[in-house]
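Input: a single structure, listed below in structure tokens.
The values are calculated or read from the model by the stated rules, or taken from the named source; none is laboratory data. Here the structure is a predicted model, which is why all the values come from computation and not from measurement. Cβ atoms come from the backbone with ideal geometry, glycine included; neighbour counts cover every protein chain shown.
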């Protein structure tokens, strides 16, 4: 991280935390839903209890793999493969969202700011006499109309 990014982030920690919370709120919901659905399917396919199935989901998703609960059927192995691959992708997406929130470019101008800068530049060009010939009407700056003639 650059010094400028650190300085910008240092003063906007509440905004950073709000941004992180907004970006990952739904992602955590997807992860929890995935765990519950996989536990239910594993429980039905493998004929195991829900608690034991949920334990298997957590152990498998976190790549701990104690080996105390494991799939014995092809369907159970398919659920396990899906869980491992999708959880890996979700964790990558989760990390990318956190990184994007932390490294967000604070120097990007909003559309309103860009329009005001364009209007100000045109006003300066008019004052300098370098206004392009095709500019017949200048956009208003902060609600004040500017005459191009």
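For (1) in contact with a helix residue (DSSP H, G or I) (Cβ under 8 Å, 6 or more places away or on another chain); (2) in the same structural domain as residue 91 (by TED's automatic domain parsing); (3) more than 27 Å from residue 97 (Cα to Cα), each residue gets a yes or a no:
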{"position": "20", "(1), (2), (3)": "yes, yes, no"}
{"position": "30", "(1), (2), (3)": "yes, yes, no"}
{"position": "33", "(1), (2), (3)": "no, yes, no"}
{"position": "37", "(1), (2), (3)": "no, yes, no"}
{"position": "45", "(1), (2), (3)": "yes, yes, yes"}
{"position": "53", "(1), (2), (3)": "yes, yes, yes"}
{"position": "59", "(1), (2), (3)": "no, yes, no"}
{"position": "67", "(1), (2), (3)": "no, yes, yes"}
{"position": "70", "(1), (2), (3)": "yes, yes, yes"}
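Examine the stretch 81-93 for a residue that is assigned by TED's automatic domain parsing to the domain that holds residue 26 and over 16 Å from residue 30 (Cα atoms), and state whether such a residue exists.
If we filter the stretch 81-93 for residues that are assigned by TED's automatic domain parsing to the domain that holds residue 26, which is where we start, we get 81-93.
Checking which are over 16 Å from residue 30 (Cα atoms) leaves us with 81.
Within the stretch 81-93, one or more residues are assigned by TED's automatic domain parsing to the domain that holds residue 26 and over 16 Å from residue 30 (Cα atoms).
Which ranges mark the helices (runs of 4 or more DSSP H) fully within the stretch 34-137 that have 3 or more residues being at pLDDT below 85 and more than 25 Å from residue 20 (Cβ to Cβ)?
In the stretch 34-137, 111-128 are the helices (runs of 4 or more DSSP H) which contain 3 or more residues that are at pLDDT below 85 and more than 25 Å from residue 20 (Cβ to Cβ).
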